[in-house]
1. How far, in degrees from 0 to 90, does helix 335-352 lean away from the longest principal axis of the Cα atoms of the chain, to the nearest 10?
2. Explain nothing, just compute: Karplus ³J(HN,Hα) = 6.51 cos²θ - 1.76 cosθ + 1.60, θ = phi - 60°, for every residue of the range 3-14 in order, whole Hz, x for Gly and Pro.
3. Just to check I understand the Karplus step: with θ = phi - 60° and J = 6.51 cos²θ - 1.76 cosθ + 1.60, what whole-Hz values come out for the range 138-155, glycine and proline as x?
4. Would you mind checking the tilt of helix 39-51 against the longest principal axis of the Cα atoms of the chain, expressed as 0 to 90 degrees and rounded to 10?
5. If I build a Gaussian network model for the chain, linking alpha-carbon pairs within less than 10 angstrom, which residue out of Asp77, Asp181, Asp239 has the largest mean-square fluctuation?
6. About the Cα centre of the range 251-374, what is the dipole size in debye to 20, counting +1 per Lys and Arg Cβ and -1 per Asp and Glu Cβ, all else neutral?
7. To make sure I understand the rule: partners must be lysines, Cα under 17 Å from the Cα of Lys13, and not fewer than 8 residues away in the same chain. Which ones qualify?
8. Treating only the Cβ atoms of Lys and Arg (+1) and Asp and Glu (-1) as charged, compute the dipole magnitude of the chain about its Cα centre; round to the nearest 20 debye.
Amino acid sequence: MRFKDIHGLESTKSLLRSAVKTNHVAHAQLFAGMPGSPALSMALAYATFLNCENPTEEDACGECSSCSKNQKFVHPDVHFIFPVSSTKNVAAKDTKSQLFLKEWRNFLLTTPYGNLQDWSEIYGGEGKQALISTKEKMTIINDLSLKAFEGKFKVMIIWQPELMHKNAANGILKVLEEPPDNSLFLLVSEQPDTLLTTILSRTQRLNIPSFTDQELSEILTSAHGVETSRAKQLAHIADGSLRTALYLSAQVETDNFNFFKQWMRNCHQRQMGQLVDQSDEFAKLNKAAQSTFLKYGLSILREALVSLSTTQDKLFRVEGDEKSFASNFGKVISTDQFQKLSGLISDAAYHVERNANSKLLFMNLSINVSKVFLKK
Ligand SMILES: [Zn+2]
């Protein structure tokens with residue numbers, strides 16, 4: 001992974017590059033980013049840049065032997081610690097990151113924006129609580145006590161340090177505070193606020209921004225061949241997460257906009273027969289598509305609310321027909337009704353994964369939405 005492989009985020013990259021160029025590499029950094037953000041990718045790109053033999057002003061060269069090892073995540077001076085659990089082949093008492101390096105590399109190659117669930121599916125620990133065990137304390141200390149084999153820096157990347165056992169966390173405080181020469185820690189966290197304060201106080205925090213709608217939509221169109229208007233719509237629903245955007249783009253396309261528009265109209269005019277038909281249609285979608293539709297509905301409601309408070313174009317995240325629908329919608333209902341509608345649709349989105357009868361769920365939701373429209 002190199003900086004060029006991460007779309008956008010120029011200011012973050014520039015900050016990291018300048019730390020290297022000015023010899024101000026912090027020995028313990030916390031890369032904090034929301035799920036689906038490029039926090040882990042950024043740490044990988046930074047490690048590659050740090051150890052590149054011929055870096056350019058902008059990036060690692062991609063060709064030297066260090067880069068080629070980092071490209072495959074097999075550089076002997078770049079160490080990884082990450083949460084794992086027992087699996088079919090590994091007993092709970094034996095679990096540690098080193099046993100899963102092959103799977104880990106596969107995860108980094110295929111799903112660098114993935115979350116813990118994606119990781120569990122890859123290493124086979126689904127349904128079990130993954131942790132960074134107490135034993136990893138010794139691995140971390142031992143790995144860092146070795147002399148750098150071939151790189152300029154020894155880098156210890158700890159993914160999801162919030163899942164580190166308290167004993168392990170306490171056990172590494174000393175080395176975190178004063179790592180051996182030319183060693184550094186990159187902690188990559190989705191929930192930095194749950195880290196021990198003793199860890200937080202020993203690391204320099206760097207907030208990795210989530211992707212903007214525009215960046216997500218560009219990634220979808222250029223790297224994944226998604227058609228522009230659909231990419232924009234998915235980017236908006238994904239709300240900064242590349243993981244969600246990619247997941248959504250892999251699904252069969254449904255015309256969320258027209259279905260939602262029709263649905264709101266039917267609820268408003270209490271067209272019960274048509275609502276029954278729409279419930280049938282909704283029930284035919286798979287769970288993921290149902291959930292996407294409801295999230296899409298929420299995103300249009302958000303836009304309608306934006307239209308109430310401003311006419312400034314740049315604040316809108318949708319355009320064209322969706323935008324005119326959202327602003328017309330904003331004109332006919334009150335803020336109180338917005339809140340009720342959002343509450344109902346969020347609840348339904350929560351239950352859709354767990355509910356066996358999605359037809360009934362959608363019909364109930366429609367009736368409740370109709371009631372909200374009745375009361376101004
Ligand atoms: Zn290189």
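Values in this text are rule-based calculations from the coordinates and carry no lab data. Since the structure is predicted, the reported quantities are computational estimates derived from the model, not experimental observations. Here Cβ is always computed from backbone atoms with ideal geometry, including for glycine, and neighbour counts include all displayed protein chains.
1. 60
2. 4, 5, 7, 9, 6, x, 6, 4, 5, 5, 4, 5
3. 5, 4, 5, 4, 5, 4, 7, 6, 6, 6, 4, 5, 9, x, 7, 10, 9, 10
4. The helix 39-51 is inclined about 30 degrees to the chain.
5. Top of the fluctuation ranking is Asp181.
6. Numbers: 15 positive and 13 negative charges, 61 e Å.
Taking the Cα centre of the range 251-374 as origin, the dipole is about 300 debye.
7. In chain and number order, the partners are Lys4, Lys21.
8. Details: 42 positive and 40 negative charges, 189 e Å.
Here the chain has a charge dipole of around 900 debye.
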